[in-house]
1. What are the pairs, 6+ residues apart or on separate chains, where a residue within the stretch 192-206 that is within 15 Å of Arg266 (Cβ to Cβ) and in contact (Cβ under 8 Å) with a residue 60 or more places away in the chain has its Cβ under 9 Å from a residue that is more than 13 Å from ligand 1 (Cβ to nearest atom) and of a type in the set (D, E, K, R)?
2. For the stretch 207-219, which residues satisfy the criterion of being crowded, with 18+ Cβ neighbours inside 10 Å and either part of a loop (DSSP other than H, G, I, E, B) or touching a residue at least 40 places away in the same chain (Cβ under 8 Å) (or both)?
3. So, Asp175, is that one exposed (fewer than 14 other Cβ atoms within 10 Å of the Cβ), over 17 Å from the mean Cα position of the chain (by Cα) and touching a residue at least 24 places away in the same chain (Cβ under 8 Å) or not?
4. Residues that are closer than 19 Å to Phe55 by Cβ and either of a type in the set (Val, Ile, Thr) or over 19 Å from the mean Cα position of the chain (by Cα) (or both): does the stretch 76-87 have at least one?
5. Which members of the stretch 231-246 meet the condition of being over 17 Å from Leu159 (Cα atoms) and part of a helix (DSSP H, G or I)?
6. Can you pull out every residue in the stretch 1-52 that is away from ligand 1 (no atom under 16 Å from the Cβ) and among the small types (Gly, Ala, Ser)?
7. How about the stretch 14-43: which of its residues are within 15 Å of the chain's Cα centre (by Cα) and not acidic (Asp, Glu)?
8. Looking only at strands (runs of 3 or more DSSP E) that lie completely in the stretch 28-138, which have at least 3 residues being out of contact with any helix residue (DSSP H, G or I) (no Cβ under 8 Å at 6 or more places or on another chain) and not β-branched (Val, Ile, Thr)?
Amino acid sequence: MKIICDTHVHSSNSFDGESTVREICESAIEKGISSVTITDHMEAPEISLGDKSIFGNAVKSITQSVKDVEELSEEYEGRVSLLKGMELGEPLHKPSLTKKAYEIADFDFILASIHNVLNEEDFYYLTYTRENVPSLLERYFNELLDTAQNADFDSLAHLTYPMRYIIERTDIRPDLDKYSEIIDEIFLTLVKRNKALEINTSGLFKPIGTTLPDLDLVRRFRELGGSLVTIGSDAHNCKKLGAGVVEGIEIARLCGFKSYTVYQNRSPKQVAIWY
Ligand SMILES: [Zn+2]
Ligand SMILES: [Zn+2]
């Protein structure tokens, strides 16, 4: 049986999300998706800004997100399984604020992201030049390693995130082989700490045209002993819900994974990959 689970989905409780949790449930049933983990944005370093954050009030929005999931889980029981997650941005930038994020609820799943390196804006907002790309990427991978080593999370989200914008907006084509040593170190750390790597399928529909990370990097994670992968569309509306998840599962299979992972109560559950 083909069981499709999407573990990276934003609802309208995220500043950039468009669909309500109810609309996501309806769409999941229509598309035959068994389970959806709602992972609204929690840009932890912004917590102290409250309503003044450009990403909205993180505590309020995650509180609402969790409330929606709890209410609708009951209503949709037996039709779609809903799980409580958050996409925790930059967990190590301001640890005392990150602590407050964990206290909001008993989450099923915590996805750790780096959307910006320390003292820079989100990679989405940056201007890329041949001069700044190498150092931005180096800082990015260093922060990811630090996150992999020291943060409290379940899966590491969209590794190679800056590449999405570099490829989309410039003709710079960085050679990721230059970062292979640190990427290996990130993977070995995930293996050692029994954390998952996310295969984020949003890139399949962008100019980069690959999952984040791509098949070669997922294969490398497997070679280094990786056993846990989560698959997420990173959908910001129900039209995109589940987009690319089957392709993401296929990439996991091609890299030697026999199952992929869905977290419940922060504990990994394996979902068999069909053949
Ligand atoms: Zn993200
Ligand atoms: Zn996301």
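Taken together, the values in this text are just the output of simple stated rules run on the coordinates, not laboratory data. Quick caveat, the model's predicted, so the values are computed rather than measured. Virtual Cβ from ideal backbone geometry, glycine too; neighbours counted across all protein chains shown.
1. Pairs that qualify, where the first residue is within 15 Å of Arg266 (Cβ to Cβ) and in contact (Cβ under 8 Å) with a residue 60 or more places away in the chain and the partner is more than 13 Å from ligand 1 (Cβ to nearest atom) and of a type in the set (D, E, K, R), are Ala196/Asp154.
2. The answer is Ile208, Thr210, Thr211, Leu212, Pro213, Asp214, Leu217.
3. Details: exposed (fewer than 14 other Cβ atoms within 10 Å of the Cβ): yes; over 17 Å from the mean Cα position of the chain (by Cα): yes; touching a residue at least 24 places away in the same chain (Cβ under 8 Å): no.
Against the criterion (exposed (fewer than 14 other Cβ atoms within 10 Å of the Cβ), over 17 Å from the mean Cα position of the chain (by Cα) and touching a residue at least 24 places away in the same chain (Cβ under 8 Å)), Asp175 does not qualify.
4. Filtering the stretch 76-87 for residues closer than 19 Å to Phe55 by Cβ gives 85-87.
Still in the list and also either of a type in the set (Val, Ile, Thr) or over 19 Å from the mean Cα position of the chain (by Cα) (or both): none.
No, because not a single residue in the stretch 76-87 is closer than 19 Å to Phe55 by Cβ and either of a type in the set (Val, Ile, Thr) or over 19 Å from the mean Cα position of the chain (by Cα) (or both).
5. Narrowing the stretch 231-246 to residues over 17 Å from Leu159 (Cα atoms): 236-243, 246.
Of everything in the stretch 231-246, just one residue is over 17 Å from Leu159 (Cα atoms) and part of a helix (DSSP H, G or I), namely Val246.
6. Applying the first criterion (away from ligand 1 (no atom under 16 Å from the Cβ)) to the stretch 1-52 yields 1-5, 12, 19-36, 47-52.
Passing the criteria: Ser12, Ser19, Ser27, Ala28, Gly32, Ser34, Ser35, Ser48, Gly50.
7. Once the filter is applied, which keeps residues that are within 15 Å of the chain's Cα centre (by Cα) and not acidic (Asp, Glu), the stretch 14-43 yields Ser14, Gly17, Val36, Thr37, Ile38, Thr39, His41, Met42.
8. On the way: elements: 35-43, 81-89, 109-113.
So the answer is none; nothing clears 3.
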